[in-house]
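Shown next, in structure tokens, is the structure this report addresses.
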Amino acid sequence: MKFELPPLPYAPEALEPVISTQTISFHYGKHHQAYVNNLNNLITGTRFENASLEEIVMQSEGAIFNNGAQVWNHTFYWEGLGGKGGSPEGKLLKKINDAFGTFENFKEVFADAAVKLFGSGWAWLVEDAEGILKIVQTSNAGNPMRDGLKPLFTCDVWEHAYYLDFQNRRPDYVKSFWDIVNWDKVGERLG
Ligand code: MN
């Protein structure tokens with residue numbers, strides 16, 4: 001299967017001022033595209049040539065996993081953004097309160113995980129097999145589905161995600177990030 005870069009679900013300037021149009025042009029236009037291109041080249045002639053992206057994320061290793069999971073993770077990241085921030089509602093808010101006490105506390109714990117992750121990787125809000133929400137970190141291309149967890153929301157903390165807009169100030173990126181979360185989309189992902 002030839003994979004394609006999925007369209008952004010909003011205009012390139014929609015995430016300003018948190019994520020600039022310039023960052024979108026590199027992060028989506030260059031990095032995400034490169035993972036797609038690399039994946040297509042790597043799977044040619046392998047048992048993953050006709051696999052779905054999910055099969056590649058769950059079953060592959062090495063360079064195919066790294067590029068396949070980065071394609072999946074970035075598409076998931078973009079789709080969770082483009083909202084107006086604020087607070088989640090309904091079932092999602094209840095599950096957040098059940099797991100973390102309050103939405104404010106959830107944001108603190110999530111931000112801490114995102115800021116303290118050493119090196120490149122991702123912070124995730126996930127749902128476990130019992131339907132309990134948890135926060136996990138993955139390094140590099142890591143994806144929580146490999147650990148039987150259902151991803152609900154992610155923050156990319158590779159430097160390419162924030163360096164043009166915040167330079168070395170990852171905490172400022174993570175703090176601003178709440179203003180562009182699409183909580184309706186996150187809620188739709190609940191199992
Ligand atoms: Mn990235």
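Remarks
- Count of the range 2-33 residues which are touching a Gly at 6+ places or on another chain (Cβ under 7 Å) and either within 16 Å of the ligand (Cβ to nearest atom) or open to solvent by less than 40 Å² (accessible area, probe 1.4 Å) (or both): 2
- Within the range 153-191, the set of residues being within 16 Å of the ligand (Cβ to nearest atom) and among the basic types (Lys, Arg) comprises Arg170 only.
- Inter-residue pairs, beta-carbon under 7 Å, first within 11 Å of the ligand (Cβ to nearest atom) and in the range 63-80, second of a type in the set (Ser, Thr, Tyr) and open to solvent by 20 Å² or more (accessible area, probe 1.4 Å), 6+ apart: Gln70/Tyr35; Val71/Tyr35; His74/Tyr35; Trp78/Tyr28
- Number of the condition not met by Lys150 [criteria: (1) more than 17 Å from Phe106 (Cα to Cα); (2) surrounded by 19 or more Cβ atoms within 10 Å (Cβ to Cβ); (3) more than 16 Å from the ligand (Cβ to nearest atom)]: (2)
- Meets criteria (loosely packed, with under 12 Cβ neighbours inside 10 Å and on the phi > 0 side of the Ramachandran plot) for Gly86: yes
- Some residue of the range 34-43 being in contact (Cβ under 8 Å) with a residue 40 or more places away in the chain, open to solvent by 20 Å² or more (accessible area, probe 1.4 Å) and within 12 Å of the ligand (Cβ to nearest atom): no
- Single residue of the range 89-122 satisfying the filter (open to solvent by less than 10 Å² (accessible area, probe 1.4 Å) and without any contact (Cβ under 8 Å) to a residue 40 or more places away in the chain) that is nearest to the chain's Cα centre (by Cα): Gly121
The values are calculated or read from the model by the stated rules, or taken from the named source; none is laboratory data. Nothing here was measured: the structure is a model prediction, and the numbers come from that model. A quick note on method: Cβ atoms are made from the backbone with ideal geometry, for glycine too, and the neighbour counts reach across all protein chains shown. Just the protein is used for accessible areas: all its heavy atoms, side chains included, with ligands, DNA and RNA removed. Shrake-Rupley method; radii C 1.70, N 1.55, O 1.52, S 1.80 Å.
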